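FYI, it's all coordinate maths here, none of it is from the lab. The structure presented is a predicted model; accordingly, all values stated were derived computationally and were not measured. Quick reminder, even Gly has a Cβ in these numbers, built from the backbone with ideal geometry, and neighbours come from all protein chains shown.
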Amino acid sequence: MALSIMNIALADDDADDRMLFEEAIGEIEIKTKLSLFSDGKQLMDYLTQPQAILPEIIFLDLNMPIKNGMQCLREIRQNESLLHLCVAIYSTSSSEQDIEETFVYGANIYINKPNSFGALKKAVEKALRLNWQYHTSALNRDNFLLRL
Amino acid sequence: MTLNIKFDYNFICKAILQEQLDNLGLEYTLQSLGEIKFKNKLTPTQRDQLCQAFGKYGIEILDNPQNVLVQRIKDAITELVNDSDKAQKYNVSTYLSDTLNYSYPHLSTIFSEATHSSIENFIILKKIDAVKHLIMDKNLTLTEIAHRLNYSSVAHLSAQFKKTTGLTPSSFQRIIKKRKEKGITP
Amino acid sequence: MGKSSKVFIVLLIASVAILMFIGSTSYRQIKALGESSEMVAHTLQVETEIHRLFSQYTWLQSKAYETNLLKTAPIHRGFEAQKDSMADTFEGLVQLTSDNRNLQQNLQKVQVLQEELYGILPRITDTQNDLYAGNTAIEALNKTMKALQTVKFNMLNEVASLLKKYKEAHHSNVFLTPLMMLLLGIFALCVFLIAFWRLNNERKETKRAQKFLESILETSKNVISYFEPVRDASDKIIDFNMAYHHKNIHDVLEKSKPPREGRLLSKAFPQHFENGVFEHFVKCIEQNENQNFEKQYDFGEKRFWYDTTTTKLNNGILITSRDTTTERIALDNLSVSKKLLEKRNLELLDNRAFLSNILMSISNVVMHFDSVRNDKGHIVDFELLYVNDAIHDITGDNPAAIKHEKASKLFPTIFTNGVFEKLVTCIEEDRQRDYETDYENDGKKYCFQATARKLNDGVTVTTRDITEEKLKTERLQVLNDQLSVQNSIFKDAEGVADIGSYVWYLDTGDASISDNFYRILGYEPNSFEITFEMYRKFVHPDDLELYDRLGEETTAKGSSNVHSYRIIAKDGKVKHLSLNGRTTERMGRPVSLGVVQDITESVLADQELRMKNEALERSNAELRSFNRVASHDLQEPMRKIQLFVSRISDTEQDRLSDKGKVYFEKVSSAANRMQTLIKYLLAYSRLNKKKDDFSKVSLHEIVAKVLDDLEERIAETGVEIAVDKLPKINAIPFQIDQLLGNLVSNAIKYRSLTEPARIVIDCKKLPRNKVPGDFDKKKEYYYRLSVIDNGIGFDNAHAQKIFGLFERLHQRDEYSGTGIGLAICKKIAENHDGHISAESEKGKGSTFCVYLPV
């Protein structure tokens, strides 16, 4: 296979969710390397290390202790070196306002935490594939919005 | 203050390529955006240097012929999507097999293996990308866009947009507008 | 002259005609005279001839007798000769008498007798020898002769009568002709005489006229000339020959250089070719038009004006020039004096206009009255001679219309209010009178201050409307009264409203405070003198800084931002005072006047309110966070349950017993229900209303999105959905989305199972009064967005109830539902200042109407 390994990060305070996400990622066809963080601060600390291997896509739960998803998103969008990263919001909230707000503040993908494992798998896979396309083809990443 | 700008990707890419190649003092000709022909064989050091120089701009040197072909398929599709005359005239599969001299199934397989997606999906992505561009930068109405990009109807366009992005064109438009107002660029 | 000459001509013609007539008559007369004398001569000749003829016959008889007696022969010879001469005579006689038939007849008889005679004569001769025979012959001869004698006698008679007749005619002619001649002569003489007289008269007349003309010409100053044109080869007039000019021209020109007659114009008056006179002359000739022009000529030193008239006369032109120099000078003088006059007139007019402008523009009424006196010379009335426009504002009269009216008619009141007497004394004593008078018109009362001055036998009255002034004075009086009343009221009010007032002199710090201010401080009124510094001891120690700032700022800038401070009253109570002052000047000193109010109670009330508000806000925030936390945190485990349920059913399904599977299914559905409930609750609690959420949204797009979202449900249930044309409204997009989504999905859920399900979505614009429902209708127009279905419907009695939270009309096992959906719809409608209502009949479908402001 010609495809290289995709670096992925997930920040979620819920251990179950992290586990399920990991399982889902493991079951999809794309070769990935997943880094897990249990809150926003951990994630940001990692990303801002000088030698960090930056993930191609970051899944962010909105509702986290210490530093929530929205704060992370803003920090990422304000950081010159992280600006280009693809941010996928991974949240329980299905409020249209929340969704729109995250998009406005620079999220690329919004995934409602699904109620079934199958749906989770599907959503993650689609997000990864599309992100990959946006990163490898001449597509305008400024306009990359995806809601799942 | 906010400035709105518009740019030509091809032009930028070409400029960057030329700049980097000239920096290294290499003799070359640009065949197309995806293909550079060198007069002399590159030494491993030169290759590494070039790799590094291009890497800063996210330009990759494709090693195997498969990747080269995939890139050519993408280029061909880009061209097809951007040229509404051609898009009207040609069926995608025939266009691709004619331009690239491979059977369509072969191209399709190669593409899927290399990109996590099918040619068809890629075309849709490309088209939706064009739709976004037209909505945001040209301020065209959906009717006009549907006509330009060979959608059979506005409904078809809207449906495809929604399916691909999960958003309606109008909410997409609203989001991008708000982003611009707040000066947020991801 | 013309008439008489005509008569004269007629007379002349008549006399010529008469002369001709007389001439012709005379001529005929003379001719007739000639003829008659000829006729007499002719008749006389005829007589002579007759006598000669008959004498011959007689001779013949005698011869015959001789022969007979003497028997002398040859009778024949003589006879024969006689016969020829007789024949000649006879012929001549016949010719002579050709004009008379009687004579001709007689001549014929004579011829017959002559023949007889001729026959007899030979017989005599022959019978010389025979006596008898001779005798018979003689007898026959005698007989014939006798007949001849008879004829002769007849002819002579005839001739005699003719002669007589001719003689008479001749006589008459001889008498008439000279008479005619005489008449002719006399008449001709008369005509000649008349003609001569006339001619003579005319000659005299002409001579006199000529003399008259000459004398006129001599005495007139006009220059009269006659010029003949001089033409060049192409018949163009190039010059004039001065054929005649009368001597007056000498006076005009210098005496030394009189122009000779026959001189060329170009030589004598070269200037005529320059000043257009020549052209006038030419025009006069060529167009045969009289020309009249007045021009100025310089002859030598002098300057003349001539008014020239030219007339074409025969070939040339007659030029009459009148010296108008003096007229001109006079005219110039006249115009100068006229201008002067005009200027004076204008000045006069200006003065008048100025005066009239003054009179027009002043609001004072100016009137002039002429006195009207009775037989005894007493003034009984006045006549209005002038009044300015200002009268219009007061009486409404038009100044022009009331001119010359009597004062008794215009202002009858002056006879009763003493004004008339004042005016009379003004005139009679010639002194100015000032007085005040009232006037009432249209129920409006005016008050005037008037001045009357004598002018001629009249009086000029200038009045000034002092109604306003008077009114103001009166009002001032009233105000003063009111003020004193108010002052006392205010004093009481201060007490009631806990208000005190102060006067604070900024220069010295002296102050005075109202009675109630003392009371606020806890003292009896005026129980001590107060100054700014002294007052300071009442101020709450914590507010001293404020109070000092108040003092500084007010002194420096006249105002301060400090509007409240606390004091400690005599009894130790802390009071909050609010003050409002303004700086002004009083008797040359800067002073701050102000009001203080004891706001202690309201400050305390405010504090309480603020605390309550804060509490409310806190509880609201708590509620919000509770809501969010509850929903979110409740949702999380729910979702987790679902996820693991799905995980188990994916991986462990086969290991469960059948019963376990059923239970597991129940867990799953309970979890699903729980999740939906939470989701809806969350949605409901999130429905708030922020102004910037509103934007212009296309209902059409929203409906399209809703239908798109519900696509699967619609496809699987086969519901037919018709959408009307929908407008754009100002709304919160996702709430409208939710509202319509709920309504449409309800309509799908409660669709008819017996007939093809149909849903209609339409929209209508209604004026406010057509909108039902009890809600605050702020806008004039509302959209009624209806979702109509033909589904199972409900009992209309529940039409209100269904919008309540957790209200359900169906059993859970019949229709799944949370009882939140319509409550959400209601809240959304209310969020948009709108209203939602439902109408239904069981089994007949239902209609949900959402009213949204346009």
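Listed by chain and number, the lysines placed with their C-alpha closer than 26 angstrom to that of C:Lys570 are C:Lys491, C:Lys537; residues fewer than eight positions away on the same chain are left out. How far is helix C:821-831 tilted, in degrees, relative to the longest principal axis of the Cα atoms in chain C, given as a value from 0 to 90 rounded to the nearest 10? Rounded to the nearest ten degrees, it is 60. For region B:123-186, a simple Cβ point-charge model (Lys and Arg +1, Asp and Glu -1, everything else neutral) yields a dipole of about 220 debye relative to the Cα centre. Put the Cα centre of region C:143-202 next to the Cα centre of region C:632-688 and the gap is 186 Å. Per-residue packing, averaged as other Cβ atoms within 10 Å, sorts the ranges C:587-595, C:636-644 into the order C:636-644, C:587-595, beginning with the highest.
Region B:126-186 and region C:285-323 have their alpha-carbon centroids 103 Å apart. Among C:Tyr306, C:Tyr518, the order by Cβ neighbours within 10 angstrom, fewest to most, reads C:Tyr518, C:Tyr306.
Separation of the alpha carbons by more than 25 angstrom is noted, of C:Lys666/C:Lys749; A:Lys113/B:Lys74; C:Lys143/C:Lys167, for A:Lys113/B:Lys74; C:Lys143/C:Lys167.
Please state the shape class of region A:13-78: rounded when a/c is under 1.5, otherwise prolate if a/b exceeds b/c and oblate if not, all from the C-alpha gyration tensor. Could the numbers behind the result be given before it?
Numbers: a/c = 2.11, a/b = 1.31, b/c = 1.62.
Oblate.
For region C:362-465, the number of Lys pairs with C-alpha atoms closer than 27 Å, counting only pairs eight or more positions apart or on separate chains, is 20. Evaluate peptide C:635-644: per residue, the Cβ atoms of other protein chains within 10 Å of its Cβ; return the mean as an integer. That works out to 5 on average.
Would you work out the relative contact order for chain A, in percent, from Cα pairs under 8 angstrom that are 6 or more residues apart?
Averaging sequence separation for qualifying contacts and normalising by length gives 21 percent for chain A.
The Cα-based radius of gyration of chain C, divided by its Kirkwood radius, gives an Rg/Rh of 1.58. Angle check, please: helix B:119-137 long axis (alpha carbons) against the longest principal axis of chain B (alpha carbons), in degrees 0 to 90, nearest 10. Value to nearest ten degrees: 70. Packing order of peptides C:135-144, C:205-214, highest average first: C:135-144, C:205-214 (average count of other Cβ atoms within 10 Å over each peptide's residues). Sorting C:183-194, B:107-118, A:92-103 by their mean Cβ neighbour count within 10 Å, with the most densely packed peptide first, gives A:92-103, B:107-118, C:183-194. Counted by Cβ distance under 15 Å from C:Met180, the other residues give a net charge of +2, where Lys and Arg count +1 and Asp and Glu count -1. Remark: relative contact order (chain C) = 5 percent; criterion is Cα-Cα distance under 8 angstrom and separation of 6 or more residues. Provide, as a two-decimal number, the C-alpha radius of gyration of chain B over 2.2 N^0.38 Å, N being how many residues it has. Output field value: 1.20. Could you tell me how far the Cα centroid of region A:27-103 sits from the Cα centroid of region C:822-854, in Å? Comparing the Cα centres of region C:822-854 and region A:27-103, I get a distance of 41 Å. Legend: translational diffusion of region C:689-853 by Stokes-Einstein, Rh = Kirkwood radius over C-alpha pairs, 20 °C, 1.002 mPa s; D = 133 µm²/s. Rounded if a/c is under 1.5, else prolate if a/b is larger than b/c, else oblate: which is region B:112-186, with a ≥ b ≥ c the root eigenvalues of its Cα gyration tensor? The shape class here is oblate. The charge dipole of the protein assembly as shown, taken about its Cα centre with unit charges on the Cβ of Lys, Arg, Asp and Glu (plus for the first two, minus for the last two), comes to roughly 3120 debye. Can you bin region C:333-380 into rounded, prolate or oblate? Criterion: square roots of the alpha carbon gyration tensor eigenvalues sorted a ≥ b ≥ c, rounded for a/c under 1.5, prolate for a/b above b/c, oblate for the rest. Oblate is the answer for region C:333-380, as a/c is 1.5 or above yet b/c matches or exceeds a/b. When the Cα positions of C:Ala605, C:Thr43, B:Phe7 are compared along the charge dipole of the protein assembly as shown, C:Thr43 comes out farthest toward the positive end, with charges on each C-beta of Lys, Arg, Asp and Glu.
Look at the alpha carbon pairs under 8 Å that are at least 6 residues apart: their mean separation over the length of chain B gives a relative contact order of 13 percent.
Could you tell me how many degrees, from 0 to 90 and to the nearest 10, lie between the Cα long axis of helix C:277-287 and the main elongation axis, the longest principal axis, of the Cα atoms of chain C? Taking Cα atoms only, the helix is inclined about 70 degrees. With a cut-off of 9 Å between beta carbons, the residues surrounding C:Cys426 carry a summed charge of +2, where Lys and Arg count +1 and Asp and Glu -1. Take each residue in A:12-18, count the other chain C-beta atoms within 10 Å of its C-beta, and the mean is 2.
Across peptide A:121-134, the average count of Cβ atoms from other chains found within 10 Å of a residue's Cβ is 2.
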